[in-house]
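J.: I'd like to ask some things about the structure below.
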Amino acid sequence: MNDDFLPSPPIFTPMDDDQFTDLMDDVKSTAASTDAAPPCAAITAACNGTPRLSPNQWTGVVRNIVRCLTADELKSLRLVGSKELRVDLADPSLTCHLPLRMDRASFFAAENAGDMPNDRLRKWLTDRRILVIDDVDARICPDRVARLAAEGYLDSVSVLVVFDCHVHRAIISVLAHLPNLESLRLADHEDCEEKGLEELESIATHVARINPSSFRHLDIEFDCTVHGSRLSFLERMYGLEHLRLRGFDLSDGINYMKGLGSLTSLHLCHGNFYSSPSNDVDEKDLSSLTGMTNLRRVHLEGFDALSSVGLAPFCAPSPVERLVLKHCQELSEECLPSLGRMVNLTSLHVVHSAYDDAEIFSTESLGHLNSLALLKSLSLFYVLEDLSNLIVLWGLDSLESLNVAVEQEVDTEVLELFCSSILPVFPSLRKLRIFSEDGMCYTCHHRKLEVEYS
């Protein structure tokens, strides 16, 4: 047979380095911008229509895929194809974007200090961003950690998460000096006796050593209550953007926050899940937060007897978009005019339990919320006399999700009548949840409205 009549094999012309660099930029931007799509699918989309890749270039693609995966996605990754791919999935440098458990990494323990060569150690720690300690019995050597920090192995660490932190005070003391630390989460869920409480209080002195110029995110959660006077270190944390405190007696200490003008998110709980301090927060202390012009999200929990005075710092011209008032007992309806002035709110949640001392809001006071034209999500728990009170909120044209809890019994007939009455009031409403202490057991649909109820 004449070879002239055979189809010519495709000519393999791998893309040049500039083309490959452009492709990798597309891969990263596509993976970063694709919502809800698996990273591999996003990367495949970016690669469609590109020239054939050489084995080296495909190796680069696979490495970029791995660096877009979460830990669970990485566990399920399977590679099928050319044996020429030179990707060692056991290479720790591939997973430098994932958290590293210090309590499981043997090179942080004194007895294994000399077991790992320096080049291998660098692969584990170079560009590592997140360190986690989550074992009360972890055998981490403070001297070993201090030496690694002093030699620059931990300079890339920007996020530190420590559970059972009263046990790991010495480690926190060392890591607080890291030069590029941006985020710190401390959690302790032990019911502390006096000695344990002293250990938690002493942690504040370690937090005070963090470099404030790079520090942006602080989250502390204790199951015992530390006095708010221990929060004096906040005075120098001028760059904080997110602050979450649970487990502090905030009848003292809020004044230390007055210089945090960069905050975009503030979450304060007076006490914790299990107990409230004997002294209430004086709502006048919240005036220290006046002038926080960057605040977008505010969560206040356990702040009893709030009125317009306490909420004044968050009113216009403040740009607050999300406000949660949780278990703020004896919340006065005088606060509703202040809430009505928060015209940038898209999410408002007033949440009580059936056992809280909650004041019922009059329909006249509820009318102040009609100025919240941007509001998309609203929760009102145990502050309504009756579900029918909601029809006075005729100004919430953007409302999409409504969550309510009331003392009245809501049977099928009441529910049907209620749904029919609110749909003309809230033209954008798509989701209605009616809560009770027994939870929500049923789901139904009323025209365009999805309803969950007990």
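J.: Can you tell me what the convex hull of the Cα atoms of segment 188-263 projects to on average, as an area in nm²?
T.: So the mean shadow area of the Cα hull is 4.6 nm².
J.: Also: Which FRET efficiency value, to the nearest 0.05, is calculated for Ala90 and Asn180 with the Förster distance at 35 angstrom and r the Cβ-Cβ distance?
T.: 0.80
J.: Another question about this same structure. Taking the Cα atoms of segment 341-454, what is the range of coordinates along each of the three principal axes, in descending order and whole Å?
T.: 36, 35, 20
J.: Whole number please: convex hull volume per residue of the Cα set in segment 302-399, in Å³?
T.: Hull volume over Cα atoms, normalised by residue count, gives 80 Å³.
J.: Taking a 28 Å limit on the Cα-Cα distance, which of the listed pairs Lys376/Lys448; Lys75/Lys376; Lys326/Lys431; Lys75/Lys431; Lys258/Lys376 fall beyond it?
T.: Beyond 28 Å between Cα atoms: Lys75/Lys376; Lys75/Lys431; Lys258/Lys376.
J.: Percentage of Cα-Cα pair distances in segment 321-364 greater than 18 Å, rounded to whole percent?
T.: That tail contains 29 percent of the Cα-Cα pairs.
J.: Taking the Cα atoms of segment 398-439, what is the range of coordinates along each of the three principal axes, in descending order and whole Å?
T.: 29, 19, 12
J.: In Å², what does the accessible area per residue of segment 261-362 work out to with a 1.4 Å probe?
T.: 40
The values are calculated or read from the model by the stated rules, or taken from the named source; none is laboratory data. Since the model is a prediction, treat every value here as computed from it, not as a measurement. Neighbour counts run over all protein chains shown; Cβ positions are idealised from the backbone, glycine included. Please note that ligands, DNA and RNA were not included when accessible areas were found on the heavy atoms of the full protein model with its side chains. Shrake-Rupley method; radii C 1.70, N 1.55, O 1.52, S 1.80 Å.
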